[in-house]
Amino acid sequence: MKMSKANNSYIRIRGAREHNLKNINLDIPRDKMVVMTGISGSGKSSLAFDTIYVEGQRRYVESLSAYARQFLGQMDKPNVDLIDGLSPAISIDQKGTSSNPRSTVGTITEIHDYLRLLYARIGIPHCYKCGKPVSRQTPEQIVDSIMGLGEGKQLKILAPLVRGRKGEHKAVFESLRGRGYVRVMVDGEVVDLDEDINLDEKKKHEIFAMVDRLLLKKESRSRIAESVEAALHLGDGTLVVEGTDGKRYNFSEEFACADCSISFPEVSPRMFSFNSPYGACKVCGGLGFKQELDPELVVPDSTKSLIEGAVAPWEPATRAYFSSVMDDLAEQYGFNLSVPFEKLPSRIQSLVLYGPDEEEVYVQRRSRRWNYYSTFEGIIPLMERKYREGDSDETRIRISRYMSTRPCPACGGSRLRPESLAVEVGGKSIAEVSDMTVSTSLEFLGSLELGEREKKIASRLLKELTSRLKFLINVGVDYLTLSRYANTLSSGESQRIRLATQIGSGLVGVTYILDEPTVGLHKRDNLKLIRTLERLRDLGNTVIVVEHDEDMIKSADHIIDIGPGAGIRGGRVVVSGTLEDVISCPQSLTGKYLSRELEIPVPEKRRPGAGGKIVVRGAQEHNLKCIDVEFPLGTFTCVTGVSGS
């Protein structure tokens, strides 16, 4: 092998001895797609990850200031004499699945960040109660809107002070008198403030200050502007205009629904982040789920009676107490403790699990010295209280066995607060877009009908979103939703998503090192992955792939076969060159399989099996469509299909 290569064209490795590597000298071409192959344990990962990647990272850290290095820690130099021509290295391995419950496909690809910005800039806020659009208007815009109601109309300009609140509201009237106002509208009727106004304190009332009454004419614009300013000041940024026909027009300086008296925060990107207190659902804290006691775990076998131990948390140590409690309940409500739990009336089941609806139920408690009565709160409320207030970790761990993860009842699993979900683009909230698959969300964004102003604002954002979504489609994960939790992804899915993210970053001059990216990938999607890696190379990067897949090996610009055996029998470069070089090398096992000199024989006979079978009926986990399937016992059974099927 020739060693005199230009530094700028090759990564030169001399004396690599990490793990089982046998003092390897090697030149790897830069800006090419290079596949390192060989039998398992031959030293491929030792060369790619433990030598090239570690040295690249170590040099990057050493280039930083001493202050920055103290936070990153000291990295050991790999056992190698020399590496030249090395550029910053990024590792994309099979262990990259995030365990953070706050990470989703949208956040790790940064698509959600662009969606947040899109919704903050062109989203249309709506009231989350009545569904009406909500917008902010300047006083000048409000005047323009009033002038547009039609010349010759008789109008009242009102400042809302009280909406749907009980009380006499004497202080409101006194304040208006002190400010010089003459009339108010109380519950739809105009009343002089000189009168003694007595309201029923037990009823809800609606009070507006009468700021002005006028006939709408062109020359009255300045008067309307003054009245609007006064009404906005008095009504805390809101005002109401009422015509002689009783029709009302609501206006607001802020994002607020005048009909529902709901104010909205400033529409900003952080409002759409479930990792920010400004956007996260207040009930689940932005997780989208809650740990709750599950009745099916509390009563795992409903064919048992209460006496037989239908309620699982009734451990022997506390069973005597609960038995006495159940005796009292059975006597008060007239049910039989020996009847299977599933055959008890639903109201009795609810009473045992959740306690009484309204009235308090007293049960007798017995101790060694005396008997006394206490209220019965229900098994599940009792366990929730002990879990919440208990000081013992052991108690919490014991109770957690009867808990399951359920969608948050407040946000329905969307993770966001109601105000955030009420902002729409193209008639969809950000949660609805995130729940779409990658391919469907791309279609949705491509079909948006925007005005000229919105197009100018959103053009760059839509271009970036479209680009990143296409990258995900190109790596074969178009079936995933953007809201999919990152910790539910397979290692192959996670690796391909990280690969798409790196392409989206547009970095050049980087050495990417990948660990068997075809693992978990169907042959149908192999070509998509290969094209993606070629695109990464074409940007101006060096792509090193540790791989066994035949399609990947044949697509490589350069192949390095490590071997010839595993462990101490490996650690050498068998051949480094083109596909033809590998096939023609007599020492290369990889070449022999590529040339079909060696093959894995297809069995002539198949085992009939042991006769039994594992039967699955109505499987509905994740995307399974209530399938029925049988697995014969004593056989080698293969389950296959496209990735994500």
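The values are calculated or read from the model by the stated rules, or taken from the named source; none is laboratory data. Computed from a predicted model, the values in this text were never measured in an experiment. For neighbour counting, all protein chains shown are included, and Cβ atoms are generated from backbone atoms with ideal geometry for every residue, glycine included. These area figures cover heavy atoms from the full protein model, side chains too; ligands, DNA and RNA do not enter into them. Shrake-Rupley method; radii C 1.70, N 1.55, O 1.52, S 1.80 Å.
Here is how the numbers come out for the structure above:
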| read-out | value |
| --- | --- |
| Residue satisfying condition, being part of a loop (DSSP other than H, G, I, E, B) and under 36 Å from the mean Cα position of the chain (by Cα), within set GLY286, GLY246 | GLY286 |
| Residue check, SER483 crowded, with 21+ Cβ neighbours inside 10 Å, closer than 28 Å to ASP538 by Cα and not acidic (Asp, Glu) | no |
| Filter result (of a type in the set (A, V, I, L, M), touching a helix residue (DSSP H, G or I) at 6+ places or on another chain (Cβ under 9 Å) and assigned to a strand (DSSP E or B)) within the stretch 211-243 | VAL211, LEU214, LEU239, VAL240, VAL241 |
| Number of the condition not met by LEU21 [criteria: (1) modelled with pLDDT of 95 or more; (2) surrounded by fewer than 22 Cβ atoms within 10 Å (Cβ to Cβ)] | (2) |
| Qualifying positions in the stretch 450-501 - hydroxyl-bearing (Ser, Thr, Tyr) and either over 17 Å from THR107 (Cα atoms) or in contact (Cβ under 8 Å) with a residue 24 or more places away in the chain (or both) | SER459, THR466, SER467, TYR479, THR481, SER483, TYR485, SER490, SER491, SER494, THR501 |
| Residue match in the stretch 158-176 (condition: among the charged types (D, E, K, R), open to solvent by 10 Å² or more (accessible area, probe 1.4 Å) and touching a residue at least 40 places away in the same chain (Cβ under 8 Å)) | yes |
| Criterion violated by CYS585 - all others in (1) open to solvent by less than 30 Å² (accessible area, probe 1.4 Å); (2) within 23 Å of TYR53 (Cα to Cα) satisfied | (2) |
| Whichever residue in the stretch 75-107 is aliphatic (A, V, I, L, M) and either at pLDDT below 90 or more than 21 Å from the chain's Cα centre (by Cα) (or both) and, among such residues, is surrounded by the fewest Cβ atoms within 10 Å (Cβ to Cβ) | LEU82 |
| Leading residue by the ranking (nearest to ILE513 (Cα to Cα)) among those in the stretch 31-68 that are of a type in the set (Lys, Arg) and not in a loop (DSSP other than H, G, I, E, B) | LYS44 |
| Hey, HIS233 within 14 Å of ILE142 (Cβ to Cβ) and surrounded by fewer than 21 Cβ atoms within 10 Å (Cβ to Cβ) or not | yes |
| For SER273: the one exception among (1) modelled with pLDDT of 90 or more; (2) on the phi > 0 side of the Ramachandran plot | (2) |
| One residue from SER505, SER490 being under 20 Å from the mean Cα position of the chain (by Cα) and more than 16 Å from LYS32 (Cα to Cα) | SER490 |
| Out of GLU254, GLU266, GLU201, sole residue that is touching a Ser or Thr at 6+ places or on another chain (Cβ under 7 Å) and in a loop (DSSP other than H, G, I, E, B) | GLU254 |
| Any hit, the stretch 468-475, residues being part of a helix (DSSP H, G or I) and under 17 Å from ARG116 (Cα atoms) | yes |
| Pairs with Cβ under 6 Å, 6+ apart, first in the stretch 58-79 and in contact (Cβ under 8 Å) with a residue 24 or more places away in the chain and within 24 Å of GLY571 (Cβ to Cβ), second open to solvent by 70 Å² or more (accessible area, probe 1.4 Å) and not in a helix (DSSP H, G or I) | ASN79/ARG17 |
| Count of the stretch 116-152 residues which are buried (at least 16 other Cβ atoms within 10 Å of the Cβ), in contact with a strand residue (DSSP E or B) (Cβ under 9 Å, 6 or more places away or on another chain) and under 17 Å from GLY243 (Cβ atoms) | 2 |
| Count of residues meeting criterion [crowded, with 22+ Cβ neighbours inside 10 Å, polar (S, T, N, Q) and assigned to a helix (DSSP H, G or I)] in the stretch 406-441 | 3 |
| Residue within the stretch 499-516 that is modelled with pLDDT of 85 or more, surrounded by 22 or more Cβ atoms within 10 Å (Cβ to Cβ) and not in a strand (DSSP E or B) present | no |
| Candidate set from the stretch 180-194 (those that are of a type in the set (D, E, K, R) and either over 14 Å from LEU161 (Cα atoms) or outside any loop (DSSP other than H, G, I, E, B) (or both)); member that is nearest to the chain's Cα centre (by Cα) | GLU189 |
| Tally, over the stretch 526-545, of residues that are among the acidic types (Asp, Glu) and open to solvent by 70 Å² or more (accessible area, probe 1.4 Å) | 1 |
| Matching residues, the stretch 555-568, being at pLDDT below 95 and not small (Gly, Ala, Ser) | PRO564, ILE568 |
| The stretch 76-133, residues that are acidic (Asp, Glu) and closer than 21 Å to MET436 by Cα | GLU110, ASP113 |
| The stretch 607-627: number of residues that are within 40 Å of the chain's Cα centre (by Cα) and in a loop (DSSP other than H, G, I, E, B) | 7 |
| Answer from GLU630, GLU604, GLU599 - the residue that is more than 27 Å from ASP525 (Cα to Cα), of a type in the set (Asp, Glu) and more than 44 Å from the chain's Cα centre (by Cα) | GLU604 |
| Among (1) surrounded by fewer than 18 Cβ atoms within 10 Å (Cβ to Cβ); (2) aliphatic (A, V, I, L, M); (3) closer than 19 Å to TYR181 by Cβ - the single one LEU215 does not satisfy | (3) |
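Here's the yes/no breakdown for (1) more than 24 Å from SER252 (Cβ to Cβ); (2) touching a Gly at 6+ places or on another chain (Cβ under 6 Å); (3) at pLDDT 85 or above:
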{"site": "GLY131", "(1), (2), (3)": "no, no, no"}
{"site": "GLY164", "(1), (2), (3)": "no, no, no"}
{"site": "MET185", "(1), (2), (3)": "no, no, yes"}
{"site": "VAL191", "(1), (2), (3)": "yes, no, yes"}
{"site": "ASP200", "(1), (2), (3)": "yes, no, yes"}
{"site": "ILE207", "(1), (2), (3)": "no, no, yes"}
{"site": "MET210", "(1), (2), (3)": "no, no, yes"}
{"site": "ALA231", "(1), (2), (3)": "no, no, yes"}
